[in-house]
1. Could you identify the single residue in I170, I146, I100 that is in the same structural domain as R34 (by TED's automatic domain parsing) and surrounded by 21 or more Cβ atoms within 10 Å (Cβ to Cβ)?
2. R34 - would you say it is basic (K, R), surrounded by fewer than 23 Cβ atoms within 10 Å (Cβ to Cβ) and over 18 Å from I170 (Cα atoms)?
3. Return the residues of region 145-160 that are within 21 Å of the chain's Cα centre (by Cα) and in contact (Cβ under 8 Å) with a residue 40 or more places away in the chain; say none if nothing qualifies.
4. When you look at S285, is it over 28 Å from C266 (Cα atoms), in contact (Cβ under 8 Å) with a residue 60 or more places away in the chain, among the polar types (S, T, N, Q) and surrounded by fewer than 16 Cβ atoms within 10 Å (Cβ to Cβ), yes or no?
5. In this structure, is P47 of a type outside the set (A, V, I, L, M, F, W, C), touching a strand residue (DSSP E or B) at 6+ places or on another chain (Cβ under 8 Å) and buried (at least 18 other Cβ atoms within 10 Å of the Cβ)?
6. Which pairs do you get when a residue that is over 15 Å from A41 (Cα atoms), found in region 17-29, comes within reach of a residue that is of a type in the set (K, R) and modelled with pLDDT under 95, reach meaning Cβ atoms under 7 angstrom, with the pair 6+ apart or on two chains?
7. Please enumerate the residues belonging to region 100-122 that are in a loop (DSSP other than H, G, I, E, B) and either of a type in the set (G, A, S) or closer than 30 Å to V159 by Cβ (or both).
8. Looking at (1) out of contact with any Pro (no Cβ under 7 Å at 6 or more places or on another chain); (2) more than 19 Å from D148 (Cβ to Cβ); (3) buried (at least 18 other Cβ atoms within 10 Å of the Cβ), which one does A176 not meet, given that it meets all the others?
Amino acid sequence: MEKKKVLLGITGGIAAYKSAELARLLVKAEFEVRVIMTRSAAAFVAPLTFEALCGNEVAIEMFPREGFYATRHIDLADWANVFVVAPATANFLAKAATGICDNLLTTTFTAAKCPVLIAPAMNSNMWDYPAVLKNVEVLRGYGFHIIDPESGDLACGWVGKGRMAEPQVIFDKTNAILEGSEALKGKKALVTASRTEEPIDSVRYISNRSSGKMGYAIAERARDMGAETVLISGPSNLREPGGIEVVKVMTAEEMASAVKEHFADCDLLVMSAAVSDYTPSEPYSGKRKKSDKDLTIELKPTEDILKSVSRNKDKQVIIGFALETDDQIENAQKKLKDKRIDIIVLNNPNEEGAGFDVDTNRVDIIGIGGKIQKLPLMSKRELAREILERAVSLLKGE
């Protein structure tokens with residue numbers, strides 16, 4: 001199969017060092033990568049770095065002294081399947097929005113007819129400058145894909161919005177564009193992930209071993225498919241994904257409240273979180289002291305979130321998860337019917353390669369009517385794609 005061709009444009013910002021990791025991810029995924037750097041970018045990272053990573057000459061000058069390059073910008077623009085500019089400085093955004101062509105990168109950018117992805121990076125004050133925000137909206141209006149910068153520590157020592165999205169996020173979006181996967185554009189996806197923690201006292205709680213990897217993979221995939229995505233996450237050690245609204249919760253009650261708040265205007269709900277079935281009836285306000293006597297904790301059932309929201313189902317497609325070790329199919333089908341949902345994803349934590357805190361899973365997908373699809377062991381990222389492709393079909397009424 002012919003390799004997909006990625007043209008990577010790098011402008012002069014400190015985030016240029018992250019572009020080396022992006023290039024590495026692209027090459028590792030067997031994309032052919034060519035790089036255009038501005039002179040300023042070459043002051044931050046040596047072109048030799050990208051030549052070593054990508055195995056291709058880095059293009060910098062519009063008219064270099066050696067070689068025949070009269071139409072170099074056209075050749076590069078025509079070569080690419082997707083054009084990624086990361087980082088994109090405020091200067092580049094202004095030139096791209098107004099069609100200024102004063103170097104090889106901006107000239108090639110203007111000539112490109114392939115999909116374009118832009119990842120801005122700059123100081124937070126620069127990002128908030130009205131002209132910069134206007135230029136970003138102009139570029140969005142032209143149909144370019146924009147990955148907004150993230151909030152956090154900046155190179156200047158400030159803390160705020162402006163740091164370039166992580167290379168993995170840009171890679172995932174690039175991959176989605178190359179796959180032509182914008183099937184959820186214009187839709188809102190609501191995804192729950194990880195576990196809940198139900199307090200016994202101020203320091204102890206009841207919970208489970210869910211890491212959130214499955215839910216985070218689904219949320220990231222929904223984002224890459226064009227959906228406006230909200231991720232409601234219980235406690236997790238995973239990095240917050242860029243381009244997604246993340247709502248942090250702790251308890252089952254908090255998760256139920258957050259889901260209900262966002263459910264009415266969503267098109268798709270994927271309830272992958274492992275919500276605690278029970279919670280202590282009367283949590284102790286301080287730290288309960290240890291004694292030699294047995295301790296009995298009275299538990300009460302938590303709210304069945306899926307069952308509650310499905311009563312108000314309108315246009316939404318609802319997907320639930322069932323973790324079963326006994327009578328798996330029978331129990332999953334009962335949940336599908338009782339909760340009035342569209343699809344249930346059944347998995348058994350005792351199967352090899354499945355379960356908590358691993359990167360793979362092996363599931364059965366059960367739909368309305370009881371049709372069962374047994375999927376092989378695969379990565380959770382691949383499984384996220386499988387699940388959302390079925391959601392797309394349901395949203396289309398297929």
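The values are calculated or read from the model by the stated rules, or taken from the named source; none is laboratory data. A quick note: this is a predicted structure, and the numbers were derived from the prediction, not measured. Note that each Cβ is placed from the backbone with ideal geometry, even for glycine, and that neighbours are counted across all protein chains shown.
1. So the residue among I170, I146, I100 that is in the same structural domain as R34 (by TED's automatic domain parsing) and surrounded by 21 or more Cβ atoms within 10 Å (Cβ to Cβ) is I170.
2. Considered against the rule, which asks whether it is basic (K, R), surrounded by fewer than 23 Cβ atoms within 10 Å (Cβ to Cβ) and over 18 Å from I170 (Cα atoms), R34 comes out as no.
3. Correct list: I147, D148, E150.
4. In short, yes.
5. no
6. none
7. Of everything in region 100-122, those that are in a loop (DSSP other than H, G, I, E, B) and either of a type in the set (G, A, S) or closer than 30 Å to V159 by Cβ (or both) turn out to be A112, A121, M122.
8. All conditions are met except number (2).
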